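Asks: I am attaching a structure below and will ask some questions about it afterwards.
The values are calculated or read from the model by the stated rules, or taken from the named source; none is laboratory data. Every value quoted in this text rests on a predicted model; they were computed, and no experiment measured them. Don't worry about glycine lacking a Cβ; one is built from the backbone with ideal geometry, like all the others, and counts go over all protein chains shown.
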Amino acid sequence: MSAYLEDIKFNERGLVPVVTIEAGTSELLMVAWANKEAIAATVEEKRAVYWSRSRTKIWRKGEESGNVQKLVELRLDCDNDTVCYIVDQIGGAACHTGRKSCFFKSLNNGTWSNCLDIKNIG
């Protein structure tokens, strides 16, 4: 494994949270998990690779849906315990529901409702 992986503080399960944003818009697309293998594959393949906790296996974004995330930049936060994938979202949907972003619900008057566009914040 590469030396850069040793700088990342993985949790007791060997995982680190990954925040994924779109390069062109800075839109928050999703939050997932990765282990060392997934991050190394992301860097090598230049595409987003995660660890699926539900399937307990490596998950290459878009391997089933075709909605691939091409890596533009990899960032590490100040505490070295969260990674950010900056990606070009190919196929238009990051969410398994077919939406652009996994963050499509907004709290309004104590009730969650679907928001139309992330640009409508505020």
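Asks: For the stretch 81-113, which positions are within 23 Å of residue 38 (Cα to Cα) and in a strand (DSSP E or B)?
Replies: 83, 84, 85, 86, 87, 88, 89
Asks: Right, here's the next one. Please work out if residue 33 is in contact (Cβ under 8 Å) with a residue 24 or more places away in the chain, touching a Lys or Arg at 6+ places or on another chain (Cβ under 9 Å) and within 18 Å of residue 19 (Cβ to Cβ). If you could, list the steps in order and put the result at the bottom.
Replies: Values: in contact (Cβ under 8 Å) with a residue 24 or more places away in the chain: no; touching a Lys or Arg at 6+ places or on another chain (Cβ under 9 Å): yes; within 18 Å of residue 19 (Cβ to Cβ): yes.
Answer is no for this residue.
Asks: Now a separate question. Does residue 56 satisfy being within 17 Å of the chain's Cα centre (by Cα), under 14 Å from residue 30 (Cα atoms), modelled with pLDDT under 95 and among the polar types (S, T, N, Q)? Spell out the reasoning first.
Replies: On the way: within 17 Å of the chain's Cα centre (by Cα): yes; under 14 Å from residue 30 (Cα atoms): no; modelled with pLDDT under 95: yes; among the polar types (S, T, N, Q): yes.
Spelling it out, it is not the case that residue 56 is within 17 Å of the chain's Cα centre (by Cα), under 14 Å from residue 30 (Cα atoms), modelled with pLDDT under 95 and among the polar types (S, T, N, Q).
Asks: When the residues of the stretch 77-99 are filtered to those that are under 12 Å from residue 20 (Cα atoms) and of a type outside the set (Ser, Thr, Tyr), which remaining residue is modelled with the lowest pLDDT?
Replies: 95
Asks: Name the residue that is surrounded by the fewest Cβ atoms within 10 Å (Cβ to Cβ), counting only residues in the stretch 59-105 that are without any contact (Cβ under 8 Å) to a residue 24 or more places away in the chain and within 15 Å of residue 27 (Cα to Cα).
Replies: Once the filter is applied, the top-ranked residue is 105.
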